[in-house]
Amino acid sequence: MFRRRRDPEPEPLPPITLAEIRAASAEELAAAFAGPPEEAARWIAAAARAGHLDAVILYGQILADGRGLRQDRVSALGWFRVAAEAGDVRGINMVGRCHELGWGTPIDFERAAHFYAQAAGRGYDWAQYNLAGLHVRGAGVPQDRARALELFRAAAAQGHAKSLTVLGRFLEEGWDGVPRDPAAAYALYVRAAKAGDSRAQFNLGTLLVQDGRLEEALGWFRQAAAAGSPDMLAHMARSLGARPEPALRALAAEVAARLG
């Protein structure tokens with residue numbers, strides 16, 4: 001669908017047509033989004049302006065991240081609102097996210113919870129996860145860890161990786177009266193780690209170290225280090241740096257050096 005030039009190119013490719021843009025599948029748009037940032041931004045912007053709802057969401061994310069063009073979170077919020085007004089649960093969730101994080105609008109946890117609840121009520125896993133997070137903190141909604149757990153379970157039942165990880169922690173630590181079940185926690189971490197969640201990869205590596213499976217643990221720690229957030233990497237550097245195993249301390253030093 002979204003054709004890229006190759007070097008050398010004997011003659012220019014014909015321009016992509018409006019009909020092709022409107023007919024693009026979600027998979028084709030995702031492939032374009034994963035391409036070179038400047039090219040992705042052009043194609044996704046064209047598709048969004050042509051009214052392609054999947055592209056509207058992606059273009060909002062491009063603007064929010066500043067990926068391939070200048071970051072503009074006010075405009076990002078505007079595009080997410082377009083999707084939300086069309087009834088798309090992803091857009092409704094992202095409008096909530098903008099209110100939670102202050103993207104293009106002042107931080108307003110109550111407004112964030114309002115939008116998350118709309119999308120969560122329609123079964124959208126990311127909104128269930130985000131609303132659960134507000135309930136854990138008591139931000140914009142009553143602090144209610146039982147309700148949060150219910151929402152995490154609902155999202156995890158759909159395979160939502162971050163919710164699987166959180167449930168794993170409930171089971172590993174026995175939070176809020178949930179019976180401890182390390183074997184079940186391990187199984188959840190495996191699912192979430194394979195789905196690419198860096199926190200699950202780190203947690204799984206930690207359990208593997210406790211089980212004496214150092215080489216397996218190192219593999220998961222390296223995957224976590226490749227994609228983890230700065231906060232996650234700082235935690236990893238501290239945790240692994242305190243371990244007696246030289247290989248883990250060496251990895252901790254690598255992570256700390258990358259953080260600067």
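The values are calculated or read from the model by the stated rules, or taken from the named source; none is laboratory data. In this text, all values refer to a predicted model and were calculated from it rather than measured experimentally. FYI the Cβ positions are ideal-geometry reconstructions off the backbone, even for glycines, and counts take in every protein chain you see. Accessible surface is based on the protein model in full, side chains and every heavy atom, while ligands, DNA and RNA are left aside. Shrake-Rupley method; radii C 1.70, N 1.55, O 1.52, S 1.80 Å.
Return the residue satisfying two criteria in turn: it lies in the range 211-260 and is within 23 Å of K162 (Cβ to Cβ) and not in a helix (DSSP H, G or I), and of such residues it is least open to solvent (accessible area, probe 1.4 Å).
Among residues in the range 211-260 that are within 23 Å of K162 (Cβ to Cβ) and not in a helix (DSSP H, G or I), the one least open to solvent (accessible area, probe 1.4 Å) is G228.
Looking at the range 21-41, which of the residues that are over 23 Å from the mean Cα position of the chain (by Cα) and either of a type in the set (A, V, I, L, M) or surrounded by 15 or more Cβ atoms within 10 Å (Cβ to Cβ) (or both) is modelled with the lowest pLDDT?
My answer is I21.
Can you tell me which residue within the range 42-91, out of those that are farther than 17 Å from F115 by Cα, outside any helix (DSSP H, G or I) and of a type in the set (A, V, I, L, M, F, W, C), is modelled with the highest pLDDT?
My answer is L69.
Going by what's in this entry, would L207 be described as assigned to a helix (DSSP H, G or I), open to solvent by 20 Å² or more (accessible area, probe 1.4 Å) and closer than 17 Å to H235 by Cβ?
When the stated conditions are applied, L207 passes them.
Can you find a residue that is within 26 Å of the chain's Cα centre (by Cα) and farther than 21 Å from L167 by Cβ anywhere in the range 191-210?
No, every residue in the range 191-210 fails to be within 26 Å of the chain's Cα centre (by Cα) and farther than 21 Å from L167 by Cβ.
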